[in-house]
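First up is the structure itself, then whatever we jot down about it.
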Amino acid sequence: MSALEHLIERAEALLTRLESVLPQPLAAPDWSASVAFRARRRAGRLLLEPVRHVSPIRLQDLKEVEPQKEKLLRNTEQFVAGRPANNVLLTGARGTGKSSLIKACLNEFAPQGLRLIEVDKGDLVDLPDLVDLVSERPERFVIFCDDLSFDEGELGYKALKSMLDGSVAAASDNLLIYATSNRRHLLPEQMKDNLAAKMDENGELHPGEAIEEKVSLSERFGLWVSFYPFSQQEYLGICAQWLRYYGLDEAQIAASRQPSLVWALERGSRSGRVAFQFARDLAGRSQAEALPANTIHGDAPEGLDHA
């Protein structure tokens, strides 16, 4: 091999290595592989991976959130039908069913062409590429951002803000953004932000630029759906719903009232998530031990009565 050929071979090997680390365009996945996809970064490259086991939760499984369910269901139905619909921000108390409601809507409308793409907030900077990728597809896509919140200066904040409303390039009509958050305005609110507020000569209070900036992102979501902490009665109703789901009879459900309250007390929350966790624990123990209904009465789940 001549010196020139050897040099060319080394140059080609170097170019191959460089191409592997340079940013690559977002490639389309096998859209028939699933109804849900995750955006994941592998070796610096964003990929869409099909979700092999999509959450099976259905709308009828979610209780005590009927007004919220009606709003999201109506908006999603409009979107799937090709009618105007809004980007949605679901905010409020933890464990009340925000993410579950979005997954249930996916299962409801997937046969009609709805698809979901889950994107972490760190990958929102690639949102324009994702929008371009799906713009020509016949399906209807929901970009799902779970537990969304930003710290000061994060890049994904600006990208999401521009995509919602502000970029010169409009998002395609086959795509919406559904986000959940425990923060209504998605950014931390600090006392010092109020120092820039001003009062004019008419006594009107005008917020400062810091507050305006923090409110501006959430305002770009056309629909807000708020969730609130459950009362004790609502919590018990959700526990009963999940216990029925796991096959317990009405006598066992009635006997589980006190243990379910102790379970919630130990966790400091009466939420749908806590109710679901209690039902899984009790159903698992009942199945393993084949407990008859009258042996459950008054017994807290293992460990809680010894706290």
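Taken along the Cα-to-beta-carbon direction at a fixed 7 Å, the label points for Y228 and R267 span 2.2 nm. Residue exposure proxy: Y245, Y235, ordered by other Cβ atoms within 10 angstrom of their Cβ from fewest to most, comes out as Y245, Y235.
Taking the fewest neighbouring Cβ atoms within 10 Å as the starting point, the ordered list for I117, I238, I8 is I8, I117, I238. Estimated at 0.36 nm per residue, the fully extended path between A33 and D147 surpasses their Cα-Cα distance by 38.4 nm. Determine, from the Cβ-Cβ distance of R285 and N182 and an R0 of 30 Å, the FRET efficiency 1/(1 + (r/R0)^6), rounded to the nearest 0.05. Calculated transfer efficiency: 0.45. Available extension along the chain between E219 and S2 is 71.5 nm, counting 0.36 nm per residue and deducting the alpha carbon span. When each of E250, E219 is scored by the number of other beta-carbon atoms lying within 10 Å, the sequence from fewest to most is E250, E219.
Every number in this text was worked out from the coordinates using simple rules, so none of it is lab data. Everything numeric here is computed off the predicted structure, so don't read it as measured data. Here Cβ is always computed from backbone atoms with ideal geometry, including for glycine, and neighbour counts include all displayed protein chains.
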